[in-house]
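Take a look at the structure set out below.
The values are calculated or read from the model by the stated rules, or taken from the named source; none is laboratory data. Please read all numbers here as calculations on a predicted model, not as lab measurements. Cβ coordinates were reconstructed from backbone atoms using ideal geometry, including for glycine residues, and neighbour counts include every protein chain displayed.
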Amino acid sequence: MTTVGPISRETLLAYADGQLSAAEAETVEAYLAANPEAAAEVALWRRQDDAIRTLFSPAAAEPVPLRLKPARLAAELKMRNRGRWRLAAAAVVLLGLGLGAGWLARPLFERAPAASEMLIASAVNAHRVFSAENRHAVEVASDEEEHLVTWLSNRLETPIGAPDLSPEGFALKGGRLLPGEPQAGGRAAQLMYEDAAGERVTVYITAALPDRKPAYEFTSRDGAAAFYWANEAITCTVVGTLPGERMKAVSQAVYRQLTGGGGIGAGIAGDYLENG
Amino acid sequence: MGDLIAEIEACVPALRRYARALTRNADVADDLVQDCLERALARRGLFRPQGPVRAWLFTILLNLYRNGLRASRRRGETVAIEDMPSEPMTPAAQPGHMALAEIARAIEALPPDQKEALLLVVLEGVSYAEAAGILGIPQGTLMSRLSRARAALRIIGGTSGEPYLRTVK
């Protein structure tokens, strides 16, 4: 009998578990023949294996219940998915209906925008459109200032004047008449001023709002600053893209001149411009 | 696709056997297999199993089994009525009978990772490499688990020279 060197426990385990090649298994068998203790151990493992198989193998021989047939499960899965698609489609339809109803019911929920918001938006919009123009920036130029003021006052049915902004470095370039919403002061007059550097400021004036209440608002919109005020005679929005301090100075000058430079309203707006 | 379904179907008996051995409860085992099959079928479009379908299915089954274990550990164990220990047992008719019941209890008492490994290799005849892949562990770890499982069975199962049963071919 050939003597065989010691064989590791791992190899013995692998042998017992049938993991070795035929040649390797032969070597192990030779070793086991010479080592009864190891042989007894392997025999024990083999009996464990037999027991495990005897205990649990029968489950594999039982007829497979219908619910474990893959083809059937796959079909059910497809049905379920189809149902899910149908649900998803229904959800899309419902969402569409909801959006449609919401759109139609819009006027019920929407708050009418405040007149000041509309006026500021119009003023900024007009500023952007016409201050970008070169030859047609104004309808009536400043060399006809008297005509311009009379004409605009007539159209607005409200006496207005063109403020003098020369202390602030701005000269009147001219003005134009613009359409407007009846509930937001009606037609509007836009006066345009320009400084030596070509920087432009516009003053957007309408007749007083129906409520004739004083209001003040300093805001920025689409990259332009806007100072808005309303009183019992007019609404006025000064729009420009000047740095904060200069914008404030121009706005104060316009305000002072168009409100006659005094009164309670002037005080409030003056404070507003100082602090706000 | 039809081929894959046929391949999966061929694995169902083995999956049931393994699940039954793990859970010791026919209904729980079949539920586990059904979950496993559904998951495999649902994923088959997105995820083409690389390698053998059997390994893929066993991996899914084991993941579901472990998730179930974690859940039942949180809930507290439920024991099917037929699994309640009924002492005293009827005396063994053959010497092998008692030993079988004993070894079944010993397997049940094994830590889950050892039980999973032992059953995969012994009952399912899976190669070490494939079993390590299914369990997601290195082969060395697999072998040490097998070795520990065998040692535990030996202590509980006794070392009598008497074979547990006549080897059935």
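Side notes on the structure shown:
- None of B:132, B:117 is modelled with pLDDT of 90 or more, touching a Pro at 6+ places or on another chain (Cβ under 8 Å) and part of a helix (DSSP H, G or I) except B:132.
- Checking each residue of the stretch A:26-36 against the condition of being surrounded by 16 or more Cβ atoms within 10 Å (Cβ to Cβ), more than 9 Å from chain B (Cβ to nearest Cβ) and out of contact with any helix residue (DSSP H, G or I) (no Cβ under 8 Å at 6 or more places or on another chain) gives at least one match.
- Candidates A:137, A:162 - the one that is assigned to a loop (DSSP other than H, G, I, E, B) and touching an Asp or Glu at 6+ places or on another chain (Cβ under 7 Å): A:162
- The listed residue being under 33 Å from the mean Cα position of the chain (by Cα), among the aromatic types (Phe, Trp, Tyr) and at pLDDT below 90, out of A:218, A:227: A:218
- Annotation note: Cβ proximity below 6 Å between a residue of the stretch A:173-186 that is closer than 18 Å to residue A:145 by Cβ and a residue that is modelled with pLDDT of 85 or more and among the basic types (Lys, Arg) (sequence gap 6+ or interchain) occurs for A:177/A:155.
- When we screen A:14, A:89, A:71, A:51 for residues that are within 10 Å of another protein chain (Cβ to nearest Cβ), within 60 Å of the chain's Cα centre (by Cα) and of a type outside the set (Lys, Arg), the only hit is A:71.
- Residue match in the stretch A:38-47 (condition: surrounded by 15 or more Cβ atoms within 10 Å (Cβ to Cβ) and away from chain B (no Cβ under 11 Å)): yes
- Among the residues listed as A:188, A:230, A:224, the single one being under 18 Å from residue A:128 (Cβ atoms) and either buried (at least 23 other Cβ atoms within 10 Å of the Cβ) or not assigned by TED's automatic domain parsing to the domain that holds residue A:132 (or both): A:188
- Screening the candidates B:124, B:108, B:102 for the property of being over 22 Å from residue B:57 (Cβ atoms) and touching a residue at least 60 places away in the same chain (Cβ under 8 Å) yields one hit, B:108.
- Inter-residue pairs, beta-carbon under 8 Å, first touching a residue at least 12 places away in the same chain (Cβ under 8 Å) and in the stretch B:131-142, second exposed (fewer than 14 other Cβ atoms within 10 Å of the Cβ), 6+ apart: B:133/B:51
- Selection of helices (runs of 4 or more DSSP H) fully inside the stretch A:1-111 by the criterion of at least 2 residues being touching a residue at least 24 places away in the same chain (Cβ under 8 Å) returns A:9-16, A:22-34, A:36-56.
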